[in-house]
Amino acid sequence: MVSSLVSSLVSSLVWGLSMATACRSTPAGTPASAVVDTEQSSSPSPAAEAAPARTKASHGAHRVSTLTITVLSTTRAPVGAGEWGFAALVEADGHEILFDTGAKPRTVLENADALGVALDSIPTVVLSHHHDDHVGGLLTLRKAVAERAPAALATVHVAEGMWAPRHVEIDGRTKEVNAMLTIRPAFEATGGTFVTHAQPAEIQPGVWVTGPVPRVHPERNWNTTRRIETSEGWIEDMLPESQALVIDTDDGLVVLSGCGHAGIVNIVTHARQVIRRAPIRGAVGGFHLHRATAEHVQWTGQRLHEVELQDFYGAHCTGAKAVQHFGTPGVLSPTGRAVELGVGERFELAGHQ
Ligand SMILES: [Zn+2]
Ligand SMILES: [Zn+2]
């Protein structure tokens, strides 16, 4: 439920975002993350060794006809507050999902209020990965609704690898930086539940979490100074739990990404393998191309052209140069376009009926 205060998608593009994180994008290959069978596993092992993607045998038949994705946290904010983070409300044939929860504890709570978004009616949360700029609002949001609406924001879908310890060295001392390890018991104390996916799963009719995304294409866009604990010891953290939400619509697949650490090309490749080999109708959210080389952005555009991407709606860590390049006539599908989303702005599919 979004009020008329929500600003419609801007017709003019806003360039010139100032981006600042310690991430890099290089065209080196990365190992594929393993996909295992236990859907509810909470194993801390991210299983970073190479393994083939497992293709789901039975596909959901439902196609979503009406879809709205409203941004609740990103840098640019024509309504409410902006921040380095991401969150969006998904409404797919009337089912509501909160995708990511922003960076600061209260940003999404206050932006939802400013936009007239009722949090009490949203049962489901999907978290894209463990980084603070995506999970920072979870506890505040849950606590704000738990008493009056116990089922609201109570079920959180994450991908395997979310619970692995992460370390960074600061001044010669090791610091744990996976906030989810402390958020988990506090969230569960409110009556909430986590569902950890090792494989793609249809969480609502026509709406899928990808689970861990196999890294078959050379996309590297994370902070290489962080380490993750695996069954083989501590290795560079390549965010094995980084997942996207994919909505299977009448017009093709729509991919919603938080930070896109698995890489947009890996994400759409995985989605087309395990859900449906359809054109990509929309790619929405953060795709972490803000530090990418011009060569890598160009390569990405070519791959997105191959999957007939229609609408690229970038936010958060996507970066102006990627939006600008994808918006160049002919880079995406013949009628493709690319814009930057701000808080309160939407991606919409109205359906055919
Ligand atoms: Zn991230
Ligand atoms: Zn991020």
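What FRET efficiency comes out for D113 versus T293 if R0 is 45 angstrom and r is the Cβ-Cβ distance? Round to the nearest 0.05.
0.65
What does the extension gain come out to for S121 and E348, with contour length at 0.36 nm per residue minus their alpha carbon separation?
Using 0.36 nm per residue and subtracting the Cα-Cα distance, I get 79.7 nm.
Determine the gain in length on full extension of the stretch V79-E232; use 0.36 nm per residue of separation and subtract their C-alpha separation, reporting nm with one decimal. If you can, show how the numbers build up before the last one.
Numbers: separation 153, 0.36 × 153 = 55.08 nm, distance 4.65 nm.
50.4 nm is the gain from fully extending V79 to E232.
Taking 2.2 N^0.38 Å as the expected size of a compact globular protein, what ratio does the Cα radius of gyration of region 67-347 give against it, to two decimals?
On the way: Rg = 17.7 Å, N = 281, 2.2 N^0.38 = 18.7 Å.
Working it through for region 67-347, the quotient is 0.94.
Picking from V339, P105, G161, whose Cα lies most toward the positive end of the charge dipole for region 67-347 (charges on Cβ: Lys, Arg +1; Asp, Glu -1)?
Ranked along the dipole, the leading option is V339.
Among A294, Q324, Q310, pick out the residue whose Cα is farthest towards the positive end of the charge dipole of region 272-341, where Lys and Arg carry +1 and Asp and Glu carry -1 on C-beta, about the Cα centre.
Q310
In whole Hz, what ³J(HN,Hα) sequence does region 134-150 give by Karplus (6.51, -1.76, 1.60; θ = phi - 60°), x for Gly and Pro?
10, 10, x, x, 4, 5, 4, 5, 4, 5, 5, 10, 4, 6, 7, 9, x
Extending each Cα 7 Å along its Cβ direction at T328 and V168, get the distance between those two points in nm, one decimal.
Computed distance between label sites T328 and V168 equals 3.4 nm.
Explain nothing, just the number: dipole magnitude of region 67-347 about its Cα centre with +1 on each Lys and Arg Cβ and -1 on each Asp and Glu Cβ, in debye rounded to the nearest 20.
Charge dipole, region 67-347, about its Cα centre: 360 debye, nearest 20.
Obtain the nm distance between the two label points defined at S65 and E147 by a simple spin-label model: each point lies 7 Å from its Cα along the Cα-to-C-beta direction.
Here the answer is 4.2 nm between the modelled labels.
Going by average Cβ neighbours within 10 Å, how do the peptides 193-200, 255-262 rank, with the highest at the top?
Those peptides, ordered most packed to least, come out 255-262, 193-200.
Please give the residues of region 80-121, grouped as numeric ranges, whose backbone N is less than 14 Å from a label point set 7 Å along the Cα-to-Cβ vector of R276.
Answer for this model: 93.
Determine the distance separating the Cα centre of region 134-184 from the Cα centre of region 260-311; give it in Å without decimals.
With region 134-184 and region 260-311 each reduced to a Cα centre, they are spaced 27 Å.
Using the Cα atoms as the points, what is the convex hull volume per residue of region 217-275 in Å³?
In region 217-275, the Cα hull volume divided by residue count equals 95 Å³.
Multiplying the sequence separation of T224 and H95 by 0.36 nm and subtracting their Cα-Cα distance, what value in nm do you get?
Here the answer is 42.7 nm.
No value in this document is a laboratory result; all are computed from the given coordinates. As the structure is a prediction and not an experimental result, all values here were calculated from the model. Here the Cβ is made from the backbone with ideal geometry for all residues, glycine too, and neighbour counts use every protein chain on show.
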